[in-house]
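Engineer: Following this message is one structure expressed as structure tokens.
Each value in this text was obtained by applying a stated rule to the coordinates, not by laboratory testing. Bear in mind that the values here come from a model prediction, so they are computed numbers and not experimental data. For neighbour counting, all protein chains shown are included, and Cβ atoms are generated from backbone atoms with ideal geometry for every residue, glycine included.
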Amino acid sequence: RDGRRLGVLTMDARFWLSDRGGPFRLAFADPTLGRSVLSSDGARLAVGNIHGVTVRDPESGEVLLDLPTPIRVTALGWSADDRLLAAGLLDGTVLVWRVADGALLGELVGHTDRVSAVVFDDAGTRLVSGSWDRGARIWDTTVLEAPAGPLAAQVRSAWGITLSDVLGEEGAPD
């Protein structure tokens, strides 16, 4: 986003970097590389494949974070502040993680075919996903990190049930 760094992943699984419009240099090669996107500050590279997402150092290829997925990753996107990472999957699901600790914040279900694009708005409060189902969805990402207590109170007030009843989980906030 700041235009200082450009990365290119070639068909032969080599990742090339260019800083400030300079010449491209081979950063690393790895046969497991798949769909990829640089963070806005250029400090991290997210790579998706059939096993999940790895967040790497774009200079060395060192794996900084491993985020497994149940099926092939077909789209990736960073939030503008690089705090969140979204992955679209072959089955139409969108996963969102908090990158600082690798916590899965949400599994967004709604598409009926592979996700082809995921893009956060500049504020990081909305995520747009596009799919081969010819649909686009707009997701509110602010609810992904909201405390469960107020949501539990709303559910109890509106429907007279607890989140434990809905989720079938012990220890869910009531």
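Engineer: Using only helices, what value at 222 nm comes out for the chain when you add -39,500 (n - 2.57) per DSSP H run of length 4 or more and divide by the total residues, to the nearest 500 deg cm²/dmol?
Structural biologist: Result for the chain, helices only: -2500 deg cm²/dmol.
Engineer: Want the number for residue 6 to residue 123: 0.36 nm per residue separation, take away the alpha-carbon distance, what's left?
Structural biologist: Taking 0.36 nm per residue and subtracting the Cα distance, the gain is 39.9 nm.
Engineer: Between residue 109 and residue 29, what FRET efficiency comes out of the Förster formula 1/(1 + (r/R0)^6) with R0 = 30 Å and r the beta carbon distance, rounded to 0.05?
Structural biologist: 0.25
Engineer: Order these peptides, 46-53, 57-64, by their mean beta-carbon neighbour count within 10 angstrom, highest first. Don't skip to the answer; put the middle values down first.
Structural biologist: Working: 46-53: 20.4, 57-64: 14.1.
Taking the mean over residues of other Cβ atoms within 10 Å, the ranking is 46-53, 57-64.
Engineer: Show me, bin by bin at 5 Å from 0, the whole-percent P(r) of the chain based on Cα pairs.
Structural biologist: 1, 8, 16, 17, 18, 15, 11, 6, 3, 3, 2, 1, 0
Engineer: Turning to a different aspect of this structure: So what is Rg over Rh here for the stretch 1-103, counting just Cα atoms and using Kirkwood for Rh?
Structural biologist: Rounded to two decimals, Rg over Rh is 0.95.
Engineer: Hey, another quick one. Which percent of Cα-Cα pairs in the stretch 59-152 sits in each 10 Å bin, short to long?
Structural biologist: Reading upward from the zero bin: 16, 48, 30, 6, 0.
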